[in-house]
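First the structure, in the form of structure tokens, and then the observations on it.
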Amino acid sequence: MSLLDDIYMMLAFDDIGAIMQIRTPLDLGLAIRDRRRKLKLSQTELARKVGVGRQWVVAMEHGKPRAELSLVLRTLSALNLPLTIDPDDRLLPSSDGISPLDIDAIVKAARSDRK
């Protein structure tokens, strides 16, 4: 198990006012890829900003489970993605006062409606 597997993290996306729960290295990689694309950065450009090779960015976006934490934090910083640890395991409200959707609860409710 890597450090990223053990930490419950939340990334706050300021530009859309939403919060995404990060539970796996792949979740984190997909969030990084999504933000990079929204910023119209290539993998090479992001790699230069972080000080890593393009292959590291590729591996991170694919959920590299043993990524060095300092490089992950530099990547989040380069993408202006704040990282919040929520010890009470609750979703923080967005800055506009609208709480984010609980996708897990919606899926669970939809599945129970089928039965």
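Below is a table of values for the structure above.
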| quantity | calculated |
| --- | --- |
| Scan of the range 33-78 for residues that are out of contact with any helix residue (DSSP H, G or I) (no Cβ under 6 Å at 6 or more places or on another chain), hydrophobic (A, V, I, L, M, F, W, C) and in contact (Cβ under 8 Å) with a residue 40 or more places away in the chain, ordered by number | Leu39, Val72, Leu76 |
| Residues located in the range 75-99, provided they are hydrophobic (A, V, I, L, M, F, W, C) and at pLDDT below 65 | Leu91, Leu92, Ile98 |
| Residues of the range 53-87 satisfying the condition of being more than 16 Å from Asp27 (Cβ to Cβ), β-branched (Val, Ile, Thr) and surrounded by 18 or more Cβ atoms within 10 Å (Cβ to Cβ) | Val57 |
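The values are calculated or read from the model by the stated rules, or taken from the named source; none is laboratory data. In this text, all values refer to a predicted model and were calculated from it rather than measured experimentally. Glycine gets a Cβ as well: all are built from the backbone with ideal geometry, and neighbour counts include every protein chain shown.
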